[in-house]
Each structure stands twice: as C-alpha cells, then as structure tokens.
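Here's the structure, in structure tokens; my notes come after.
The values are calculated or read from the model by the stated rules, or taken from the named source; none is laboratory data. Since we're looking at a predicted model, the values are computed, not measured. With ideal geometry, Cβ positions are generated from the backbone for all residues, glycine too; neighbour counts draw on all protein chains shown.
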Amino acid sequence: MTLILLGLIAYVWFRPPAWVDGLDQPAPDVPTVPGQRLADLRGQVVLVNFWATWCPYCRHEMPAMQDFYAAHRDKGFTIVAYSVDDSQATVAAFMRENGYTFAAPLAEAGVSAAFGDVDRLPTSFVIDRTGRIRHKISGQVHAGRLEDLILPLLAEPKEVSSLPR
C-alpha cells in the first residue's frame, strides 16, 4: 500500500493535474516586452503563461518550460510568461537566479482580462502561428504536456505573410 501511495505522489509531482481546454479563438493583441505586442509574434508558436514568483506550482513548472524553450526556440517557439508579482525587479532577479531566458514581463492592467480574467495560477495559453489560441491549460505544464500540445503546432507551415493581423 505504501508503494502505491508513493507511486501516486511521484506521478502527481512529475505529471501534475491540469485541465486542458481546446480552443479556437483569436489571441488578444496585448503588450509583451517593451516595444512589442503579441501580434508581433505571429509566425511563431507562443506559450503565454500567467505565474508568480511566490506560487509553488508556477516555480515547479518553470524548468520544463525553460528546457522546452531552449530545445525549440529555433523552430519558431517562444514563451511570454506574464508575472502577477508587484515588481519587475523581483521577477528579473528570479529569472536571472534560475537561469530562465524567456520573456517574463509583468502582467499590466488588462492583460489578464484580455485572456478571459485568469483567476488561478499557473494558467497558460498555447497560440498557433496564425495568432489563434488553440489550448488553455489551467494548472501546471510539464514536458509531456508541452510536447503533446506544441509539437504538432510547430510542424504546421510557417507561412503567415498573408495572414490578417
């Protein structure tokens, strides 16, 4: 019985529960990093993540996000991890201390609302190359979930020059 319980705990730790909803709606055109908007990332597959440095589930998913980003950014994948922390300095220090290299701006007023009022952390959205939200993940992402949801989108054609903004 103890082994079963330990196995279950290990499974939940490495493959935490999350709810994945399939969507097909336009992504909002919100600011990302200074001088850039989400629409500027058209042609890439984007993981938009809402998180906080004080959120243990958020902190647990970050290594898998960084590894996936490092392995697939040259294939047209990027991450915008909107922090709900109070200070960009806190976020920058956390990112630097942990070696995370993807964009992590503060979630400005209205960004969460534009994605449908994100009310739990972590919450992520997968946006395809055409700028459409294809998946909402309520809960932690992990390597297997990223592979299942993002790799098929990376395999889609990169041609987006004729797509409307």
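Taking first residues from segment 70-90 that are farther than 16 Å from F125 by Cα and partners that are in a helix (DSSP H, G or I), the Cβ contacts under 6 Å between residues at least 6 apart in sequence or on separate chains come to K75/L154; D85/V91. Given (1) within 25 Å of P34 (Cβ to Cβ); (2) of a type in the set (A, V, I, L, M, F, W, C); (3) at pLDDT below 95; (4) in contact with a strand residue (DSSP E or B) (Cβ under 8 Å, 6 or more places away or on another chain), identify the lone condition not met by F125. If we test F125 against (1) within 25 Å of P34 (Cβ to Cβ); (2) of a type in the set (A, V, I, L, M, F, W, C); (3) at pLDDT below 95; (4) in contact with a strand residue (DSSP E or B) (Cβ under 8 Å, 6 or more places away or on another chain), just (3) comes out false. Being assigned to a helix (DSSP H, G or I) and among the charged types (D, E, K, R) is the requirement here; does D117 meet it? When the stated conditions are applied, D117 does not pass them. Whether any residue in segment 3-26 is at pLDDT 95 or above, outside any helix (DSSP H, G or I), in contact with a strand residue (DSSP E or B) (Cβ under 8 Å, 6 or more places away or on another chain) and buried (at least 19 other Cβ atoms within 10 Å of the Cβ) is what I want to check. Taking every residue of segment 3-26 in turn, none turns out to be at pLDDT 95 or above, outside any helix (DSSP H, G or I), in contact with a strand residue (DSSP E or B) (Cβ under 8 Å, 6 or more places away or on another chain) and buried (at least 19 other Cβ atoms within 10 Å of the Cβ).
Only one of the numbered conditions (1) surrounded by fewer than 20 Cβ atoms within 10 Å (Cβ to Cβ); (2) hydroxyl-bearing (S, T, Y); (3) free of Cβ contacts under 8 Å to residues at least 60 places away in the same chain is violated by Y57, and that is (3).
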